[in-house]
Amino acid sequence: MRQVFPGVFEENRRLYTLNSGATGDKLFDEDLVTVDSREYRGWNPLRSKLAAAIVKGLPQLPIRKDSKVLYLGAAHGYTPSFVSDIASEGIVFAVDFAPRVVRDLVFVAEKRKNILPLLADANHPELYCGITGAVDVVYQDVAQRNQVDIFLKNCNVLLKPGGFGLLALKARSVDVLQNPQGIFLVAKKELEKKLTVIDYRLLSPLQKDHAFFVCEKPKS
Ligand SMILES: C[S@@+](CC[C@H](N)C(=O)[O-])C[C@H]1O[C@@H](n2cnc3c(N)ncnc32)[C@H](O)[C@@H]1O
């Protein structure tokens with residue numbers, strides 16, 4: 001296994017994380033591979049925008065082993081489970097407003113000691129800030145028309161100065177008719193009013209009409 005980032009590995013052009021759950025436990029029918037007595041979980045870039053961003057050449061992954069991560073749009077927990085492997089000594093606050101998916105997320109969290117599911121609307125960080133406190137990383141994948149506003153609101157309220165915001169932006173959710181490139185550039189300008197955009201890349205063809213932004217919150 002070749003380490004791509006701390007906690008992320010690659011072999012034969014496939015991505016893996018070190019399994020921080022119980023040995024042999026498949027959460028999503030992922031491949032499990034054991035090398036030198038360590039178990040790795042296969043991570044599918046067709047299913048995860050973060051994995052797609054890494055495959056597409058993300059220059060840095062600002063999630064550390066001990067990071068406190070606010071994950072907005074956690075759904076059934078697929079990508080959150082890999083974030084929980086990377087931040088294996090940190091915590092992942094996994095927010096979603098759909099009760100049906102949060103039920104599945106609870107099953108994932110029962111098998112991982114560092115995922116805390118929260119049934120909440122990401123438009124209202126004031127509802128969960130008392131639980132999460134300030135975080136090192138805000139990760140967002142909500143596919144909503146006001147994705148950028150939701151992201152900026154959460155970064156403003158909950159991201160520590162010097163912390164990082166990772167945004168998976170779905171153009172079709174903002175406007176189905178407009179050219180995705182135009183939507184991404186408008187979003188980038190909006191983000192730059194409050195944050196430093198460190199990296200911006202397109203996720204096509206792995207994730208159609210999606211872009212991925214890495215932002216840093218100014219220290220003062
Ligand atoms: C594309 S899915 C996320 C997939 C997930 N990030 C992954 O990679 O495994 C988008 C999720 O965002 C959730 N969502 C959309 N708007 C939201 C909001 N305002 N607050 C919380 N969750 C939201 C939806 O319920 C849905 O589960």
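Taken over the range 105-132, the residue count meeting the criterion of being in contact with a Leu (Cβ under 8 Å, 6 or more places away or on another chain) and closer than 22 Å to LYS217 by Cα is 6. Once the range 76-111 is narrowed to residues that are near the ligand (Cβ under 7 Å from one of its atoms) and closer than 14 Å to LEU50 by Cα, the residue that is surrounded by the fewest Cβ atoms within 10 Å (Cβ to Cβ) is TYR78. Of everything listed in (1) out of contact with any strand residue (DSSP E or B) (no Cβ under 7 Å at 6 or more places or on another chain); (2) modelled with pLDDT of 95 or more; (3) more than 9 Å from the ligand (Cβ to nearest atom), the single unmet condition for ASN114 is (1).
Condition check for LEU166 on (1) of a type in the set (A, V, I, L, M); (2) near the ligand (Cβ under 10 Å from one of its atoms); (3) within 24 Å of GLY21 (Cβ to Cβ); (4) not in a helix (DSSP H, G or I): one failure, at (2).
Listed here are the residues, each with its yes/no results for (1) under 25 Å from GLY90 (Cβ atoms); (2) of a type in the set (D, E, K, R); (3) surrounded by fewer than 20 Cβ atoms within 10 Å (Cβ to Cβ).
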| residue | (1), (2), (3) |
| --- | --- |
| VAL138 | yes, no, no |
| CYS155 | yes, no, no |
| ARG172 | no, yes, yes |
| VAL197 | yes, no, yes |
| LEU206 | no, no, yes |
| CYS215 | yes, no, no |
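All of (1) more than 14 Å from the ligand (Cβ to nearest atom); (2) under 28 Å from VAL4 (Cβ atoms); (3) surrounded by 15 or more Cβ atoms within 10 Å (Cβ to Cβ) hold for CYS129 with one exception: (2). From the list SER37, SER20, the one residue that fits, being in contact with a helix residue (DSSP H, G or I) (Cβ under 6 Å, 6 or more places away or on another chain), modelled with pLDDT under 95 and not aliphatic (A, V, I, L, M), is SER20.
When you scan the range 195-202, do you find a residue that is in a helix (DSSP H, G or I), in contact (Cβ under 8 Å) with a residue 40 or more places away in the chain, closer than 19 Å to LEU50 by Cβ and out of contact with any Leu (no Cβ under 9 Å at 6 or more places or on another chain), even just one? No; the residues of the range 195-202 include none that is in a helix (DSSP H, G or I), in contact (Cβ under 8 Å) with a residue 40 or more places away in the chain, closer than 19 Å to LEU50 by Cβ and out of contact with any Leu (no Cβ under 9 Å at 6 or more places or on another chain).
The values are calculated or read from the model by the stated rules, or taken from the named source; none is laboratory data. Predicted, not measured: the structure shown is a model, and the values here were computed from it. Virtual Cβ from ideal backbone geometry, glycine too; neighbours counted across all protein chains shown.
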